[in-house]
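Below you'll find the structure, written out as structure tokens, and then a few comments.
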Amino acid sequence: MKKKTFLFSILSLTMTITVGATSASTSKTSENIIISQRSGGSATVGESFNVPKGWGHVKLRMKNHSDHPVRVSLTHDSSNKLYIDALVITPHDTVTWKSTDEGITNGMRSGDYTLQWRGSEYKVNGETWGVADSQPGNL
């Protein structure tokens, strides 16, 4: 009986390690989404996301669902470096921003970022989707 319990424990542990290793290996190579978020509720809304080290080529798609224009800014949290400065998105429009289009050929800094939406006196109703990659041509 003890042998069966021991063998079952080893088998369960092996399966857990295999599933964990499979999940960990596919997440960085096939899944490069860094943000997928719907934001709203107030006139200023901040969204946070992280750019992993070595994955500094970024593409963001921002959709303004409101009836009023919004301004969007992107700041690297630890350095306060501003990557997007008050980009205007008209009502019901979508803007795609690529770091490579901005002349950032070596990639953006890794770390935490804040994407801030400002709707002046109107509530923000926006959506952001973004990916990062190690190669600029993969965006």
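Evaluate the charge dipole of segment 33-134 about its Cα centre and quote only its size in Debye, nearest 20, assuming +1 on the Cβ of each Lys and Arg and -1 on the Cβ of each Asp and Glu. Write out the running numbers ahead of the final one.
On the way: 11 positive and 11 negative charges, 26 e Å.
Dipole magnitude for segment 33-134 comes out near 120 debye.
May I ask you to evaluate 6.51 cos²θ - 1.76 cosθ + 1.60, the Karplus curve with θ = phi - 60°, for each residue of segment 88-102 and list the ³J(HN,Hα) values in order in whole Hz, giving x for glycine and proline?
Using θ = phi - 60°, the values come out as 8, 10, 5, x, 6, 9, 10, 10, 10, 10, 10, 4, 5, 5, 8 Hz.
Give me the net charge of Gly41's neighbourhood, meaning all other residues with Cβ under 15 Å from the Cβ of Gly41; Lys, Arg count +1, Asp, Glu -1.
Details: positive: Arg38, Arg118, Lys123; negative: Glu47, Glu121, Glu127.
Within the 15 Å Cβ shell, the charges total 0.
Counting only other residues whose beta carbon sits under 14 Å from that of Asp85, what net charge do I get with K and R as +1, D and E as -1? Spell out each step's value before the answer.
On the way: positive: Arg71, Lys81, Arg118; negative: Glu102.
Around Asp85, the charge tally is +2.
Consider a paramagnetic label point 7 Å from the Cα of Lys53 along Cα→Cβ; state which residues of segment 93-136 have an amide N under 15 Å from it.
Flagged as within label range: 109-112.
Classify segment 72-121 as rounded, prolate or oblate, taking a ≥ b ≥ c as the square roots of the eigenvalues of its Cα gyration tensor: rounded when a/c is under 1.5, otherwise prolate if a/b is larger than b/c and oblate if not. Spell out each step's value before the answer.
Details: a/c = 2.82, a/b = 1.43, b/c = 1.97.
Oblate, since a/c reaches 1.5 and b/c is not below a/b.
Enumerate lysine pairs in segment 33-134 that are 8 or more residues apart or on different chains, then count those whose Cα atoms are under 22 Å apart.
Values: Lys53/Lys81; Lys53/Lys98; Lys59/Lys81; Lys59/Lys98; Lys63/Lys98; Lys63/Lys123; Lys81/Lys98.
Number of lysine pairs found: 7.
Highest mean first, what order results for 120-131, 88-99, 53-64 on Cβ atoms within 10 Å? The partial results should precede the final answer.
Values: 120-131: 17.1, 88-99: 14.4, 53-64: 19.8.
The peptides rank, most packed first, as 53-64, 120-131, 88-99.
Each value in this text was obtained by applying a stated rule to the coordinates, not by laboratory testing. Just so it is clear, the model here is predicted, and its values are computed rather than measured. Ideal geometry is used to build each Cβ from the backbone, glycine not excepted, and the neighbour counts take in all protein chains shown.
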